[in-house]
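The next block holds one structure in the form of structure tokens; read it before the comments.
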Amino acid sequence: TPWSDWCPPVTLVSQSGVKYYPPPLIVAAAERRCSQREDAIGVCSGKEEETDAEFPLSVPDGYYAYYEPQVRTPADEISPFFAAMDLLRMPGDLTNAKKTVEDIDTKLVSTRRELTKMEKELDSSDSSKYGVDGELFMMRDSCHKIESGKYEYEVCIFGKATQRDIGQKGGGTHLGSWDSVLMENGHRTLKWDKGTKCWNGPVRSAEVIVTCGRATKILSADEPETCRYVFTMESPIACDEQFKLNNSL
């Protein structure tokens with residue numbers, strides 16, 4: 001059997017006669033294991049086994065050097081030699097942290113790509129389109145609504161201004177298409193013109209006067225002149241140096 005060749009354990013000896021491999025601790029453990037196997041049937045004994053024995057239905061521990069695998073414990077003298085290998089295993093929390101870092105890196109790449117795209121779009125377009133400080137860039141294509149009286153009004157940046165009956169889902173009266181953003185009397189004014197012509201009156205138009213506020217929303221709607229619509233809106237885009245000067249801040 002294999003254990004006939006392995007027992008007793010062999011050590012390498014230096015020229016000076018000092019045993020140096022394997023370490024004495026391992027040799028002692030191997031000698032004890034060999035002693036256990038010598039007591040097992042047909043293991044390390046060098047004796048011939050009976051050939052007329054029936055094939056066993058179960059394998060006893062130690063039969064032909066077979067022992068049921070056991071989990072190593074701190075009491076096992078060889079365990080310290082495997083401690084370094086245990087450290088190579090990646091802990092579960094470290095695996096989760098690695099996955100989190102990978103997700104953040106993916107989002108960072110996507111954000112940088114989007115930033116580059118916006119910078120190119122801003123550089124390639126007419127800067128005056130987005131206002132004095134480019135403030136309308138982040139508001140581009142956004143729409144804002146307010147109800148006043150029996151109507152709902154909607155203005156879309158770089159789009160159209162529309163008047164509808166409250167509850168009406170589509171259509172409505174065309175108040176104008178986007179025209180420009182100007183600084184008038186110290187305030188940003190957004191303008192829409194060339195709307196539907198009023199009956200026996202002028203072509204409709206709309207303008208939004210923007211004041212400083214924490215959120216972007218329309219505060220009021222008015223028609224100071226026939227078919228000329230004026231809205232007030234508060235938005236962070238108006239909280240600029242001009243606002244500070246106007247209010248002595």
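Read-outs throughout are calculated quantities, based only on the coordinates presented, and are distinct from any laboratory measurement. This one's a predicted model, so the numbers in the text were calculated from it and none came from an experiment. Using ideal geometry, Cβ is built from the backbone for each residue, glycine included, and neighbour counts are taken over all protein chains shown.
For a protection proxy built on the mean count of beta-carbon atoms within 10 angstrom, sort 203-211, 168-176, 149-157 highest first, please.
Highest mean packing first, the order is 203-211, 149-157, 168-176.
Short version: what are the Cα gyration tensor semi-axes of segment 98-249, square root of 5 times each eigenvalue, largest first, in whole Å?
Those come to 33, 20, 16 Å.
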